[in-house]
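Below: one structure, written as structure tokens.
A short reminder: the numbers here are calculations on the coordinates, not readings from a lab. For clarity, every value in this text was computed on a predicted model and none was experimentally measured. Cβ: placed from backbone, ideal geometry, glycine included. Neighbour counts: every protein chain shown.
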Amino acid sequence: MTAADPFAQFDAWLTEAGKVEPNDPNAMALATSDADGLPNVRMVLLKGHDARGFVFYTNFESQKGTELLANKQAAAVFHWKSLRRQVRIRGPVSVVSEAEADAYFQSRPRDSRIGAWASQQSRPLEGRFALEAAVAKYAAKHAIGEVPRPSYWSGFRISPSYIEFWTDKPFRLHERLVYRRKDEAEAWTTEMLYP
């Protein structure tokens, strides 16, 4: 059964994936592009979703962070091999609110919060010892009390204008259902695509 609302459809599929996928059912391949238009793709973890979009967190100074701040567009795909399904999303990207970023940051394990301070994500690392020394430095600095969120660490929300639900079928006659809208004020339109 297909939901009229793609976010309800996604939630149903993600819930089902959570029961059968052995690792990280919330993993998605995130595509961005650099200043020259060359695409980049990497796996990230979805940390929230609702009618506003799909949220993940990162260091703004990382490759994906700088690319998203410069070109506020992204695409992502969820692939659940055990279910023989995937979901593709595309659309504009915005930064989450400070309150959302703070709340999620404080929900992370303490060592992960220290790691956010210690890692100069995507920049050259002269050796593992340098990273371990940075972790020790920030662990000592934040030995007591809460570990605050670094100003360069936050989240992005993809507000999709395109969501495609793909289901594997015999003889490569797959089902592809697409939801589209130009902006959040518009209603979704749907159509089926040839496999």
Legend entry - Within the chain: Cβ-based charge dipole about Cα centre, in debye rounded to nearest 20 (Lys, Arg +1; Asp, Glu -1): 360 debye
Legend entry - Among (1) 63, 40, 28; (2) 51, 43, 29; (3) 56, 35, 31, the entry that matches Cα extents along the principal axes in Å as calculated here: (3)
Inset, instruction - Please report how far the C-alpha centroid of segment 157-191 lies from that of segment 46-100, rounded to the nearest whole angstrom. - result: 16 Å
Legend entry - Positive dipole terminus of segment 134-195, leading residue within Tyr194, Ser154, Ala136 (C-beta point charges): Ala136
Inset, instruction - Among Val96, Pro6, Ala116, pick out the residue whose Cα is farthest towards the positive end of the charge dipole of segment 1-140, where Lys and Arg carry +1 and Asp and Glu carry -1 on C-beta, about the Cα centre. - result: Pro6
Inset, instruction - Please get the size of the charge dipole for segment 25-141, origin at its Cα centre, with Cβ charges of +1 on Lys and Arg and -1 on Asp and Glu, quoted in debye to the nearest 20. - result: 500 debye
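Extension gain Asp168-Ala29, at 0.36 nm per residue separation less the Cα-Cα distance, in nm? List each step's numbers first, then the result.
Working: separation 139, 0.36 × 139 = 50.04 nm, distance 1.87 nm.
Between Asp168 and Ala29, full extension yields an extra 48.2 nm.
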Legend entry - Angle between the chain longest axis and helix 6-20 axis [Cα atoms, degrees, rounded to 10]: 70 degrees
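With contacts defined as alpha carbon pairs under 8 Å and 6 or more residues apart, what's the relative contact order of segment 38-149 in percent? Provide the component values of the computation, followed by the final result.
On the way: 89 pairs, mean separation 22.2, N = 112.
Here the relative contact order equals 20 percent.
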